[in-house]
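Structure, as structure tokens:
The values are calculated or read from the model by the stated rules, or taken from the named source; none is laboratory data. Since this is a predicted model, take the numbers as computed values, not measurements. Glycine gets a Cβ as well: all are built from the backbone with ideal geometry, and neighbour counts include every protein chain shown.
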Amino acid sequence: MRTTRIRRTALTLVIILLIIACFLAPYAWVVASSLKNQFTVFGDVTPLSWRAFVPVGATIENYVSLFERTNILRALSNTAIVAIGQVVFTLLLCSMAAYALTRIKFPGANVVFMLILLTFLLPIEAMMVPLYQVVSGLGLSNTLVGIMIPWIASPFGLFLLKQAFEELPAELEDAARIDGAGHVRIFFSIVLPNVKVPMVTLGLITFLFCWNSFLWPLVIVQDPARQIIQVAIAQQGSPTQLPNWGETFAGATVATVPLILLFLLLQKYFTQGMATSGIKG
Amino acid sequence: MKIYSIVFASLLGATALGATGANAQSTPACTGETVTLRILRTPGNYPYPKPMEAWQKDNPCVKFEVNEVPFPQLADTISVQAASSNPPDIIVYDGPNTQSYAAAGILLPITKYLPKGWDDDILPATKAEHSYNGEVYSPGIEQTTVAMYYNKKLVEAAGVKPPQTLAEAWTWPQALEAFKKCQQGPAGAATVWGLGPTRFGNGQPGLVYQDLIYQRSAGDPKVAPTSSAYKTFWAFAPDGKTAEGYLNTPEAVEALKFYQSMFNAEGVAPKVGIPNAFFDAKACFYIDTPAAGNALIKDPKIEWGITPLPYFKTPVVHTGSTTFGATARSKHPEIAAKFVVDMSWGEYAYMNVSQRGNLPTLKSLFSRFDVYNKYPMKVFVDQLQSWGQPRPPGPKFAQYDKIVSEALRGVAFGGNPAELMADAEKKVQRILDR
Amino acid sequence: MSTGEQTLTVPAGAKTRPRKAATRRQKQERLVAVGFLAPFMLLLLIFQYVPLLVMARNSFYDYSLLNPAAEKFVGLRNFADMIEYDDARRSFGITFLFAFGVVVFVIPIAFALALFLDSKLPARGLVRTMIMLPVVTSSVVIATMWSFLLDPSNGLINGALDIVGIARQPFLTSTQQALPSLIAMTLWQQVGFGAILFLAGLQGVPSELGEAARIDGATRWQVLWNITIPLLSRTTLFVVVIMTVFSLQAFAPAFLMTQGGPQEATNLIVYHIYNTAFIMQQAGYASALSVVLLLVVLAISMVQMALLRSRWNY
């Protein structure tokens, strides 16, 4: 009995160590290396030593150069603007649509839902060219609005909220309806306050999605003053000049840290939302 | 550095004086309608701010809006923007694409805007590269080519003496011996590489600009046009109709086997980029444009020299550079064309060229760049004059460039040269057939 | 609700044609529904369906992005080219192989991780956070990070191999190792997501079932194999769908790490489409490839959804 328990504990420990080595070590390497010059980065890897994961003799030179030489601050603030805008509008539009589909009886609801569901499966990456034609035809190329607008009507978001709305008991609004409340009031004062968790989940997922998007912003925006963070770090090298490793790592760190902090803060919602979408998928 | 700024200051003074003389006004003001020219360029590329500001003194009604994209995304961006409802007025682009953009109706022909005497002053290779169906589409600002830099200390320590003149230039096998002698650490995982990686693209081998010259130099332009040696040298039918029989030739395959061995069996060159390897003394030899030399003159991190680019049979280097032009659908074609032409002529051209340190395209400017009159930088001028060849031109250059680069990279990574070149020929043909 | 053959054309306004005259209240309800749905549907139509139609139309044309005005109608030539040349076949083949590789490894490893997380574990939240880190990290950062991890001369993985005495590997520069390297990277990136989904599934399995079986003398292994896994088949299918669709749409790795090489070994279909449109300047052919990809994704999802509905709908 005792030996099996020891064996189990040892096994658990080994697995945890493995997980740390696989998932945490690369991040530690990136962050530590962002605080070193390139040859220290190389030197710590060949031969590999523990120093690779620890910022021994740290220097902030990479960050200084990154912020001085590139537009990264601007890119960060652009990304924040786009992401927040996208979150706000996605939440608003998706919840309104979900409300209509779950709380109002009207003919053709199934057709509408099918239309929405179908777009869930569109490989949007493969549609960049026509999408570009549409967005630039509307005069929105090279604008922050152009970055976010195609993704606001998110079928995934609608899907997630529709499920949450369906779970709300009908009695909740019946009382209000008897009192003579219209749909607008029911929506804002009764339904929305009761779906806070899925709303936060969707907001967080939208924020993540927007913060991490790359191909579309790459195509639609050329003006460096309107560039967003992922494109900025993918392109941080000066022309025909490879960026040095330390600086690339610094860029990756800057692009990732805000998001990881946000994730740690709201992790509960994220895993919950992901899980529910999966279970009932 | 100091000399440069003094030159600059006096130049600016001169232009300013000229402006006051002409306008008889201390601050020129715009009296008509303001025009905004939108420029798409790569970061750190011309047109540079100083000549632009100077130009604005003469053209006070023109404002600029500059959009920048990194070089690897430049061609994609142009293809997206040029077709959009609101294209930029001026685009900076890779010179060999001129014919492609001209054929697609993106570029505005600027022949009629060119100043008197331009035809006599421009380098013939530049003019040829930027012309299509008898019209000039870009005046060109700078010309560049690659030579082989070396780290003096490392090379001397290895007892290697690189030649300094074209007449004594190494062949590739001689160069390989030097790489091997100088390299430190195990083959394929060196601490100091024999031949450092490029700083272009993502640092991996295969770029047409730099690596197609291996096989081209194994060819011979003086033999019968039907021979494989002739075709090897041109690497593309001179009439631009086919690549079949031009890439997969016995001579090319032989050269490519050698090229491949440098990255594999001999292990003297890395397969992936190492930023700043040469400038940090982690490579003995290194292939780059004059810009690298001029950077080293300003900031001599290492002691260095230049040796002409090695060859197999016929010495050859690629010419060409980024260039710029006005767009055909610009809303202000006259002003855009005037700006483009002005920027590449006279003092403006001098200001633009001296900023980055590549070679000018106007013969009259050569004398003003002292640095090119003597070794080491003179090697570039000599190479351009004696060995220079444009990259295989034609309206499908961009596709050819991508397809052949992929094939060359495949060879460098260990693929079968004959198969890869045959495949590249087929792919190029497919594009040409459309 | 009687839907019948009625259709709702939302952006055109409230033009519904009910079979029977609707009451005033019903009419009003419809108007409200339209109001609530209109913004969403309008954006959906403009940014999803219009591009879709444009793309479908373009697939019958030959044109370049540089000069779209010079397009010409070529009928089915773009589709015929897909058969005549082997680029589409190869790219789809590689993409399927990639998707298959990702799914085959994600499922068991994510499941094992979920089981591990479901056990009595100290610092469970911490472990869960760790495996979720790659899920919230952008593909650009992950591609950058892994380019450096896999670098043949100065990469961390080669440094680690060196210590245990294994020869340096070429990884992304080798035709044999490039695709497996991308699969490993994607596995690393997505496994946390899979594990969270499985974990939620596991927590939904009533524990009494397993306990009862254990009392009847079943081993832990038997409970896992005969009770837990069959009960999770719905979750499993969902994870398979998600991972397949993710993998079929992967772009950043090919774009940032390999440019589809070496020798097209990682020429994933979305990158191939991008390359065909933007660099090869064959936007018509690229549209045709997109149409085929769309049909493939639709077909796969339909089959998987049908399975979800029919067999595991309890």
>> List the helices (runs of 4 or more DSSP H) inside the stretch A:55-120, counting only whole elements, that have at least 1 residues being at pLDDT 90 or above, within 8 Å of chain C (Cβ to nearest Cβ) and buried (at least 17 other Cβ atoms within 10 Å of the Cβ).
In response: A:72-103
> Is it fair to say C:SER207 is farther than 27 Å from C:ARG90 by Cα, touching a Phe, Trp or Tyr at 6+ places or on another chain (Cβ under 9 Å) and more than 10 Å from chain A (Cβ to nearest Cβ)?
Replying inline: no
> Do the conditions hold for C:ALA178, that is, is it in contact with a Phe, Trp or Tyr (Cβ under 9 Å, 6 or more places away or on another chain) and not aromatic (Phe, Trp, Tyr)?
Replying inline: yes
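Kindly provide the set of residues from the stretch A:129-138 that are in a helix (DSSP H, G or I) and more than 7 Å from chain C (Cβ to nearest Cβ), ordered by number.
Matches in the stretch A:129-138: A:TYR132, A:VAL135, A:SER136, A:GLY137.
Just the residues that are within 16 Å of C:PHE148 (Cα to Cα) and either out of contact with any Phe, Trp or Tyr (no Cβ under 8 Å at 6 or more places or on another chain) or in contact (Cβ under 8 Å) with a residue 60 or more places away in the chain (or both), please, taken from the stretch C:163-175. Can you show your working first?
The first filter runs over the stretch C:163-175 and keeps only residues within 16 Å of C:PHE148 (Cα to Cα), leaving C:168-174.
Hits for the stretch C:163-175 are C:ARG168, C:GLN169, C:PHE171, C:LEU172, C:THR173, C:SER174.
Pick out the one residue from B:GLY95, B:GLY105 that is surrounded by 19 or more Cβ atoms within 10 Å (Cβ to Cβ), within 30 Å of A:SER141 (Cα to Cα) and within 25 Å of the chain's Cα centre (by Cα). Please lay out each step first, then the result.
Working: B:GLY105 fails: surrounded by 19 or more Cβ atoms within 10 Å (Cβ to Cβ).
Of the residues listed, the single one that is surrounded by 19 or more Cβ atoms within 10 Å (Cβ to Cβ), within 30 Å of A:SER141 (Cα to Cα) and within 25 Å of the chain's Cα centre (by Cα) is B:GLY95.
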> Going through the stretch B:250-276 one residue at a time, which ones are part of a loop (DSSP other than H, G, I, E, B), surrounded by fewer than 23 Cβ atoms within 10 Å (Cβ to Cβ) and at pLDDT 90 or above?
Replying inline: B:ASN264, B:ALA265, B:GLU266, B:GLY267
> Are there any pairs, at least 6 apart or on different chains, whose C-beta atoms fall under 8 Å, with the first in the stretch B:147-165 and basic (Lys, Arg) and the second assigned to a helix (DSSP H, G or I), and if so, which?
Replying inline: B:LYS161/B:VAL155
>> Here is a check on your reading of the model: is C:VAL239 touching a Leu at 6+ places or on another chain (Cβ under 6 Å), within 11 Å of chain A (Cβ to nearest Cβ), over 20 Å from B:ASP423 (Cβ atoms) and part of a helix (DSSP H, G or I)?
In response: yes
> Name the strands (runs of 3 or more DSSP E) wholly within the stretch B:23-141 that hold at least 2 residues that are within 14 Å of chain C (Cβ to nearest Cβ) and in contact with a Gly (Cβ under 8 Å, 6 or more places away or on another chain)?
Replying inline: B:90-94
> What residue, of A:VAL45, A:VAL87, is out of contact with any Lys or Arg (no Cβ under 6 Å at 6 or more places or on another chain) and more than 30 Å from C:GLY159 (Cβ to Cβ)?
Replying inline: A:VAL87
>> For the stretch C:76-92, check the following and say yes or no: at least one residue is at pLDDT 90 or above, within 7 Å of chain A (Cβ to nearest Cβ) and surrounded by 18 or more Cβ atoms within 10 Å (Cβ to Cβ).
In response: no
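Here is a yes/no grid of residues against (1) buried (at least 22 other Cβ atoms within 10 Å of the Cβ); (2) out of contact with any Asp or Glu (no Cβ under 7 Å at 6 or more places or on another chain); (3) within 27 Å of B:ILE90 (Cα to Cα):
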residue	(1), (2), (3)
B:CYS284	yes, yes, no
B:ALA291	no, yes, yes
B:GLY305	no, yes, no
B:PRO308	yes, yes, no
B:THR314	no, no, no
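Given the options C:LEU150, C:LEU121, C:LEU133, name the one that is more than 14 Å from C:GLY194 (Cβ to Cβ) and modelled with pLDDT under 90.
On the way: C:LEU150 fails: modelled with pLDDT under 90; C:LEU133 fails: modelled with pLDDT under 90.
Only one candidate passes the filter, namely C:LEU121.
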>> Name the single residue that is surrounded by the most Cβ atoms within 10 Å (Cβ to Cβ) among those in the stretch C:54-71 being at pLDDT 90 or above and more than 8 Å from every other protein chain (Cβ to nearest Cβ).
In response: C:SER59
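State whether the residues of the stretch A:47-56 include one that is under 30 Å from C:PHE40 (Cα atoms) and in contact (Cβ under 8 Å) with a residue 24 or more places away in the chain.
Our first condition is that a residue be under 30 Å from C:PHE40 (Cα atoms); within the stretch A:47-56, this holds for none.
There is no residue in the stretch A:47-56 that is under 30 Å from C:PHE40 (Cα atoms) and in contact (Cβ under 8 Å) with a residue 24 or more places away in the chain.
Quick one: in the stretch B:277-290, which of the residues that are part of a loop (DSSP other than H, G, I, E, B) and touching a Leu at 6+ places or on another chain (Cβ under 8 Å) is nearest to A:GLU247 (Cα to Cα)? Steps first, please.
In the first step, residues of the stretch B:277-290 are kept if they are part of a loop (DSSP other than H, G, I, E, B); the result is B:277-282, B:289.
Right, trim to touching a Leu at 6+ places or on another chain (Cβ under 8 Å) and you get B:279, B:281.
Working: B:PHE279: 17, B:ALA281: 19 Å.
Restricting to residues being part of a loop (DSSP other than H, G, I, E, B) and touching a Leu at 6+ places or on another chain (Cβ under 8 Å), the top hit is B:PHE279.
I'd like to know if the stretch B:223-241 contains one or more residues that are of a type in the set (Lys, Arg), buried (at least 20 other Cβ atoms within 10 Å of the Cβ) and within 22 Å of B:PRO393 (Cα to Cα).
So in the stretch B:223-241, the residues of a type in the set (Lys, Arg) come out as B:231, B:241.
From what's left, buried (at least 20 other Cβ atoms within 10 Å of the Cβ): B:231.
Filter once more, keeping what is within 22 Å of B:PRO393 (Cα to Cα): B:231.
Within the stretch B:223-241 (the criterion being of a type in the set (Lys, Arg), buried (at least 20 other Cβ atoms within 10 Å of the Cβ) and within 22 Å of B:PRO393 (Cα to Cα)), the answer is yes, since at least one residue qualifies.
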> With respect to the numbered conditions (1) within 26 Å of C:LEU97 (Cα to Cα); (2) facing another protein chain (nearest Cβ under 7 Å), which one is the sole condition not fulfilled by C:PRO108?
Replying inline: (2)
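Taking the stretch C:256-310 as the search range and keeping residues that are hydroxyl-bearing (Ser, Thr, Tyr) and away from chain A (no Cβ under 13 Å), which one is nearest to the chain's Cα centre (by Cα)?
Just the residues of the stretch C:256-310 that are hydroxyl-bearing (Ser, Thr, Tyr), to begin with: C:258, C:266, C:271, C:274, C:276, C:285, C:287, C:290, C:301, C:310.
Keeping just the survivors that are away from chain A (no Cβ under 13 Å) gives C:258, C:266, C:310.
Numbers: C:THR258: 20, C:THR266: 17, C:SER310: 22 Å.
Here the residue is C:THR266.
So, B:TYR372, is that one out of contact with any strand residue (DSSP E or B) (no Cβ under 9 Å at 6 or more places or on another chain) and of a type in the set (Phe, Trp, Tyr) or not?
Details: out of contact with any strand residue (DSSP E or B) (no Cβ under 9 Å at 6 or more places or on another chain): no; of a type in the set (Phe, Trp, Tyr): yes.
The answer is no for B:TYR372.
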> Just checking, how many residues over the stretch A:29-53 are more than 7 Å from every other protein chain (Cβ to nearest Cβ) and surrounded by fewer than 15 Cβ atoms within 10 Å (Cβ to Cβ)?
Replying inline: 2
>> One residue is enough: does the stretch A:3-11 have a residue meeting the conditions modelled with pLDDT of 90 or more, more than 23 Å from the chain's Cα centre (by Cα) and assigned to a helix (DSSP H, G or I)?
In response: no
>> Of everything in the stretch B:404-434, what is more than 8 Å from chain C (Cβ to nearest Cβ) and within 22 Å of B:PHE200 (Cα to Cα)? Give them in sequence order.
In response: B:VAL404, B:SER405, B:ALA407, B:LEU408, B:VAL411, B:ALA412, B:ALA424
>> Considering only residues that are among the polar types (S, T, N, Q) and closer than 20 Å to B:ASP94 by Cβ, which ones fall in the stretch B:185-240?
In response: B:THR198, B:ASN202, B:GLN204, B:GLN210
